[in-house]
1. Taking only Cα atoms and a 10 Å spring cutoff, compute GNM fluctuations for the chain and point out the largest among LEU52, LEU11, LEU41.
2. Would you please state which residues of the range 34-73 a label at ASN2 would reach in this model, taking the label point 7 Å out along Cα→Cβ and a backbone N cut-off of under 15 Å?
3. Using Cα atoms only, what is the angle between the long axis of helix 10-21 and the major principal axis of the chain, expressed in degrees (0 to 90) to the nearest 10?
4. Identify the residues of the range 23-58 with backbone N under 14 Å of a label point that sits 7 angstrom from the Cα of ARG70 along the Cα-to-Cβ direction, or state none.
5. Could you check the simple spin-label distance between SER15 and ARG55, using points 7 Å along Cα→Cβ, in nm with one decimal?
6. Need one word for the range 2-41: rounded, prolate or oblate. Basis is the Cα gyration tensor (sqrt eigenvalues a ≥ b ≥ c); a/c below 1.5 gives rounded, then a/b vs b/c decides.
7. For a test of the definition: using alpha carbon positions, the gyration tensor, and the 1.5 limit on a/c, classify the chain as rounded, prolate or oblate.
8. Tell me the carbon and sulfur percent of the accessible area for the chain, rounded to whole percent, probe radius 1.4 Å.
Amino acid sequence: MNIIVVDDDKLVSTSLKTIIEASEGFHVVAIGSDGDSAIELFEQFKPDVLLLDIRMENKNGLEAAKEILRNHK
C-alpha cells in the first residue's frame with residue numbers, strides 16, 4: 001500500500017514514516033509539509049492513502065482534501 005504523509009512538523013512526518021514502514025506491505029512514497037504539497041504529491045503518486053495534518057500553514061489539510069476530492073470524483 002502506497003501512502004503519502006503530510007505534516008508541517010518534520011519530526012512527526014518522519015516518525016509516522018518509520019512507524020508505517022515497520023509493517024510489511026506499507027510504503028511511504030512521499031512526505032509533504034503543507035496543503036499545496038499534498039495536492040502536488042497526490043497528483044504525482046496517486047497513493048492508496050493520503051495522511052493529512054489538519055492544521056498547517058498556507059493551505060490546511062481540510063482545504064487540500066476538498067480540492068483533491070473535487071478533482072478526483
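The values are calculated or read from the model by the stated rules, or taken from the named source; none is laboratory data. Since we're looking at a predicted model, the values are computed, not measured. Note that each Cβ is placed from the backbone with ideal geometry, even for glycine, and that neighbours are counted across all protein chains shown. We work out accessible area using only protein heavy atoms, side chains counted, and drop any ligands, DNA or RNA first. Shrake-Rupley method; radii C 1.70, N 1.55, O 1.52, S 1.80 Å.
1. LEU11
2. Within reach of a label on ASN2, which here means backbone N under 15 Å from a point 7 Å along Cα→Cβ, the range 34-73 contributes 39-51.
3. 50 degrees
4. Label zone hits: 36, 39.
5. 1.6 nm
6. Here the range 2-41 falls in the oblate category.
7. Taking the square roots of the gyration eigenvalues as a ≥ b ≥ c, the chain is oblate.
8. 53 percent
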